[in-house]
Amino acid sequence: MPLDDPTSPWWSPGRHGDIRPFLRARGAMTRAVRAWFEQRDFVEVETGILQVSPGNETHLHAPRTELTGPDGERVIRYLRTSPEFACKKLLAAGEDRIFEFARVFRDRERGDLHLPEFTMLEWYRANAAYEAIIADSLAIVAEAARATGIAAFAFRGRLADPLAAAEWLTVAAAFERWADIDLLATIADGEGDRDGLARAARERVKIADDDTWSDIFSKILVEHVEPRLGQGRLTVLFEYPAPEAALARAKASDPRVAERFEIYACGVELANGFGELTDADEQRRRFRLAMDEKALRYGERYPLDEEFLAAVAEMPDASGVALGFDRLVMLASGAHRIDQVVWTPPSGGR
């Protein structure tokens, strides 16, 4: 029977035995990461899974449920896609260094790198530049590699040394290098010039009539940039264009870009972090635009978490990051798929 035979149930002794070394590596990594945070005076928090809003990104989908109160009133709640909203409320409450191993949920996601339920390691520093949270992220990846003793991460024929000095690359430089596109020339006043980017990218990707600037950006990123990131060493991809700022603040010296970064290894995105936006009005504007687009594309919109928006206005300057812990375990343990590194994979096969 082949390693981790997908035709047998995950709880069969043979299949579980095949992946048990990966699970033991997961335990070693969890202990090492917790110790790393504790040595730096971070507080581990546990935030609620059921939320008023699961997040307000266009292409993010969340399971939902209905709660019945003592009076019989029924309300809709969502399983969180991230602990971000709750953690930022804690920053507003006065916490200044927090981390969480959070169980999170996402619909419409399943594959070698995606599960509908997974663990996100998320942490925040109050009054810290986002370069500090980038340094944290690189240190955590290195700590995970040391915990398992792995010499190199590997995925789909690509290799990366997790202990080597990382490559730092702006998104604009990456687009110039691998797609021959001047990305920043298609941005003005924080908005993307859809037609301008379409003209620049017409020989690089297939463009549909209803593609937005962000759609075209994503196609170029996925097809031409991401496969080349994290080769031989980690890549810090930073200064995301303003239309892709999400919950990040604009860079003070160049409002065409935001204080947002991602870290890649072997072409795999491991972490996504921000210098956090503290302008509640701007955050509300971004959320509304995203939900308008979501309604147009998917026929649904998620509510805004008014408590979160109020907390944004009160929270200190901060930086934070979300790291896909299962993906990190997969790379640091030598596993080939993400469902090999979770104790109870989703039922129904891969």
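For the reader, a short list of remarks on this structure follows.
- Checking Thr58 against (1) within 29 Å of Arg286 (Cα to Cα); (2) over 23 Å from the mean Cα position of the chain (by Cα), the condition it does not meet: (2)
- Sub-6 Å Cβ pairs linking a first residue in the stretch 176-197 that is without any contact (Cβ under 8 Å) to a residue 12 or more places away in the chain to a second residue that is in a helix (DSSP H, G or I) and not hydrophobic (A, V, I, L, M, F, W, C), at least 6 apart or interchain, are Gly196/Thr186, ordered by first then second residue.
- Those residues of the stretch 8-51 which are within 26 Å of Arg108 (Cα to Cα), outside any helix (DSSP H, G or I) and out of contact with any strand residue (DSSP E or B) (no Cβ under 7 Å at 6 or more places or on another chain), in sequence order: Ser8, Pro9, Trp10, Trp11, Gly48
- Taking strands (runs of 3 or more DSSP E) as the structural unit, those lying wholly within the stretch 132-171 and holding at least 2 residues that are in contact with a strand residue (DSSP E or B) (Cβ under 6 Å, 6 or more places away or on another chain), over 13 Å from Leu270 (Cβ atoms) and touching a residue at least 40 places away in the same chain (Cβ under 8 Å) correspond to 167-170.
- For the stretch 156-182, a residue qualifies if it is within 27 Å of Arg337 (Cα to Cα) and basic (Lys, Arg), and the qualifying residues are Arg156, Arg158.
- For Val222: the one exception among (1) part of a loop (DSSP other than H, G, I, E, B); (2) without any contact (Cβ under 8 Å) to a residue 40 or more places away in the chain: (1)
- Residues of the stretch 96-112 satisfying the condition of being crowded, with 18+ Cβ neighbours inside 10 Å and either in contact with a His (Cβ under 9 Å, 6 or more places away or on another chain) or part of a loop (DSSP other than H, G, I, E, B) (or both): Arg106
- Which listed residue, of Arg80, Arg110, Arg20, Arg103, is touching an Asp or Glu at 6+ places or on another chain (Cβ under 7 Å) and among the charged types (D, E, K, R): Arg103
Throughout, read-outs are computed from the coordinates displayed, never taken from laboratory work. This structure is a prediction, so every number in the text was calculated from the model and none was measured. Counting neighbours? That spans all protein chains shown, and the Cβs are built from the backbone with ideal geometry, glycine included.
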